[in-house]
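Take a look at the structure set out below.
The values are calculated or read from the model by the stated rules, or taken from the named source; none is laboratory data. Quantities reported herein were computed from a predicted structural model and do not represent experimental measurements. Every residue, glycine as well, gets a Cβ built from its backbone with ideal geometry; the counts of neighbours run over all protein chains shown.
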Amino acid sequence: MISEQLLKARAYEADKEQEISPDERPAYHLSARVGWMNDPNGLCRYQGKYHLFYQYNPYRTQWGPMHWAHAVSSDLLHWETLPCALAPDQPYDNGAGCFSGNAIELPDGRHLLMYTGVRFDKHEDGKVDEYQTQCLAIGDGVDYEKLDCNPVLDHTVLPEGASKIDFRDPKLWLGSDGVYRAVVASRPADGSGQILLFKSEDAIHWRYVKKLAENRCRLGRMWECPDFFTLDGKGVLLVSPQDMVGDEPRCHAGNGNIALIGSYDEATDTFTEEGHQVIDDGTDFYAMQTVLAPDGRRLMIAWMQNWDIQEHLPGEKWFGQMTLPREISVKNGHLYQQPAREIEALRVGTVRHSGVKVTKAVELPGVRGRCADMEIAVEGVTDSFTVAFAQDAQHKTTLTYDALRGLVTLDRSASGTRRAFVHTRSCVADKSGSIRLRVILDRNSVEVFVGEGEKTLTMTLVTPVTADGISFSAEGGAAMDVTLHELAHE
Ligand code: FRU
């Protein structure tokens, strides 16, 4: 049965989206159908396609009672919208709604969603008790029925000291032993984060197994939105820590993103951390989820926004977009990212300039645009090299390689923003004087991949799309090759 709340959301989104024309959106990044989008949810393969749900408030461009929006794609770049999948319509999710979670295809072909239901118990004295519990819904890829046995995991199963409020964001997978597993974020008594592991034979009845990882107040506070998988022989745990303390340029203040890399023994469900790193050094990258592609690649998508700016940048018609899908790999204990190769099919024109000597700001024929995939290889940088883009007389965003300090810096402070939030972020690079940069623009965003993808910087931009200039300059001179692929944006 489709609830009244879900029917209302479906009617509203179908009607309201008519007011948004495609050119008011990114060309190939998924953006909120209407209203507000945050975390990717339920990223999975189901019946031969990628399904992606997301945290969704259809009614306002600000966070509110959480629904799950739904989209489907063959390449993670062209998205078809499906009707809203979940609305807060049950006693166990009618507080703040249906929080983040994940999805899996069951052996009988049905689609299982696991999400966090947020319940508020209001008392006569005005006090409110909040509970976060894990709940299930089963469907056919369009319509989902919440199970009568919900919630399937509540605070009574938690280890001692764990908060009944901060227990959320399940991620599911099927182990190689045929047993389902889920990791769920939890807040222990020390106020930081821990990731709990649960198991199930049928994906419906779950039991607590152990703590898979503990923050112990090292990296921010609560770790939200865990994802766990093995990749290139390593166990990889992705988490989104709240309230990180900055240690620039290695680590940035605010809500962040961390990969913990180590060994994983499936037989004993033991993850032993060997190291950790920031995944993306930009301002706008949070709550990432991954999916295994049919060819074995592990693909990752994140929410391309930041909680700290939500009140300063309300979208007029929609708020929130996802990053590009990225192929991830682990080499020598480090996580690398590359844009998913599917993006190459969007290329509609290519311009190349080789052996260009750069000193003062120079523009190159054919090198401009706001939907572009640009590859730059620079050599002989003795001081610094800068590429400016989304540029006109009033606006620019710059990406600078500082060979003296060994830093790559993305700076959107002249991008047209009128707000005083963070506009500049750096990541550590080598000081060799040579660097490769891949810069992907899609109207309202830039994603930078450094070198082999050992570092990335992601930011959203408010610059008018008419500002489409690109220029290059180098203090002390440099030589570069530039290839610009224009990406389809009709
Ligand atoms: C992360 C998060 C999740 C939660 C969701 C609520 O961005 O706070 O922990 O499930 O957003 O919308």
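The residues of the range 164-191 that are surrounded by fewer than 22 Cβ atoms within 10 Å (Cβ to Cβ), away from the ligand (no atom under 13 Å from the Cβ) and in a loop (DSSP other than H, G, I, E, B), listed by number, are Lys164, Gly175, Ser176, Asp177, Gly178, Val179, Ala189, Asp190, Gly191. Each residue in the range 83-96 was checked for being away from the ligand (no atom under 12 Å from the Cβ) and in a loop (DSSP other than H, G, I, E, B), and 6 pass.
Conditions tested, residue by residue: (1) in contact with a Pro (Cβ under 7 Å, 6 or more places away or on another chain); (2) away from the ligand (no atom under 13 Å from the Cβ); (3) among the basic types (Lys, Arg).
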position	(1), (2), (3)
Ile20	no, yes, no
Arg25	no, yes, yes
Pro58	no, yes, no
Val72	no, yes, no
Cys98	yes, no, no
Leu112	no, yes, no
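Take the residues in the range 262-286 that are aliphatic (A, V, I, L, M) and buried (at least 20 other Cβ atoms within 10 Å of the Cβ); name whichever of them is farthest from the ligand (Cβ to nearest atom).
Keep residues of the range 262-286 that are aliphatic (A, V, I, L, M), which gives 267, 278-279.
From the residues that got through so far, the ones that are buried (at least 20 other Cβ atoms within 10 Å of the Cβ) too are 278-279.
Working: Val278: 17, Ile279: 15 Å.
Ranking the candidates gives Val278 first.
Going through Leu487, Leu461 one at a time, which residue ends up being surrounded by 21 or more Cβ atoms within 10 Å (Cβ to Cβ) and in contact with a helix residue (DSSP H, G or I) (Cβ under 6 Å, 6 or more places away or on another chain)? Even if it seems obvious, please write down each step before you answer.
Working: Leu461 fails: in contact with a helix residue (DSSP H, G or I) (Cβ under 6 Å, 6 or more places away or on another chain).
None of the other options fit; the residue is Leu487.
Within the range 170-188, being of a type in the set (D, E, K, R) and under 22 Å from Glu214 (Cα atoms) holds for Lys171, Arg181, Arg187.
Can you tell me which residue among Arg216, Arg250, Arg298 is away from the ligand (no atom under 16 Å from the Cβ), among the basic types (Lys, Arg), out of contact with any strand residue (DSSP E or B) (no Cβ under 7 Å at 6 or more places or on another chain) and within 26 Å of Cys427 (Cα to Cα)? Quick ask: steps written out before the conclusion?
Details: Arg250 fails: out of contact with any strand residue (DSSP E or B) (no Cβ under 7 Å at 6 or more places or on another chain); Arg298 fails: out of contact with any strand residue (DSSP E or B) (no Cβ under 7 Å at 6 or more places or on another chain).
Among Arg216, Arg250, Arg298, only Arg216 is away from the ligand (no atom under 16 Å from the Cβ), among the basic types (Lys, Arg), out of contact with any strand residue (DSSP E or B) (no Cβ under 7 Å at 6 or more places or on another chain) and within 26 Å of Cys427 (Cα to Cα).
Apart from one condition, Pro365 fits all of (1) without any contact (Cβ under 8 Å) to a residue 40 or more places away in the chain; (2) under 30 Å from the mean Cα position of the chain (by Cα); the exception is (2).
If you filter the range 224-247 down to residues that are free of Cβ contacts under 8 Å to residues at least 40 places away in the same chain and either buried (at least 23 other Cβ atoms within 10 Å of the Cβ) or more than 16 Å from the ligand (Cβ to nearest atom) (or both), you find that the one that is farthest from the chain's Cα centre (by Cα) is Asp247.
Applying the set (1) surrounded by fewer than 18 Cβ atoms within 10 Å (Cβ to Cβ); (2) modelled with pLDDT of 95 or more; (3) under 29 Å from Met288 (Cβ atoms) to Arg419 leaves exactly one unmet item: (2).
Which members of the range 147-198 meet the condition of being at positive phi and either acidic (Asp, Glu) or free of Cβ contacts under 8 Å to residues at least 24 places away in the same chain (or both)? Spell out the reasoning first.
Just the residues of the range 147-198 that are at positive phi, to begin with: 161, 169, 178, 191.
Asp169, Gly178 - these are the residues of the range 147-198 that are at positive phi and either acidic (Asp, Glu) or free of Cβ contacts under 8 Å to residues at least 24 places away in the same chain (or both).
Considered as a group, the residues in the range 100-110 that are away from the ligand (no atom under 16 Å from the Cβ) and in contact (Cβ under 8 Å) with a residue 60 or more places away in the chain include one that is surrounded by the most Cβ atoms within 10 Å (Cβ to Cβ), and that residue is Ile104.
Kindly establish whether Met304 is in contact with a Phe, Trp or Tyr (Cβ under 8 Å, 6 or more places away or on another chain), within 16 Å of the ligand (Cβ to nearest atom) and either at pLDDT below 95 or closer than 30 Å to Thr397 by Cα (or both). Yes: the conditions hold for Met304.
For every residue, the table says whether it meets (1) part of a loop (DSSP other than H, G, I, E, B); (2) in contact (Cβ under 8 Å) with a residue 24 or more places away in the chain; (3) polar (S, T, N, Q).
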{"residue": "Glu13", "(1), (2), (3)": "no, yes, no"}
{"residue": "His29", "(1), (2), (3)": "yes, yes, no"}
{"residue": "Asn38", "(1), (2), (3)": "no, yes, yes"}
{"residue": "Asn41", "(1), (2), (3)": "no, yes, yes"}
{"residue": "Gly64", "(1), (2), (3)": "yes, yes, no"}
{"residue": "Ala71", "(1), (2), (3)": "no, yes, no"}
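Answer yes or no as to whether Tyr131 is within 16 Å of the ligand (Cβ to nearest atom), aromatic (Phe, Trp, Tyr) and not in a strand (DSSP E or B). When the stated conditions are applied, Tyr131 does not pass them.
Those strands (runs of 3 or more DSSP E) of the range 385-478 that lie entirely within it include none in which at least 3 residues are of a type in the set (Val, Ile, Thr) and free of Cβ contacts under 8 Å to residues at least 60 places away in the same chain.
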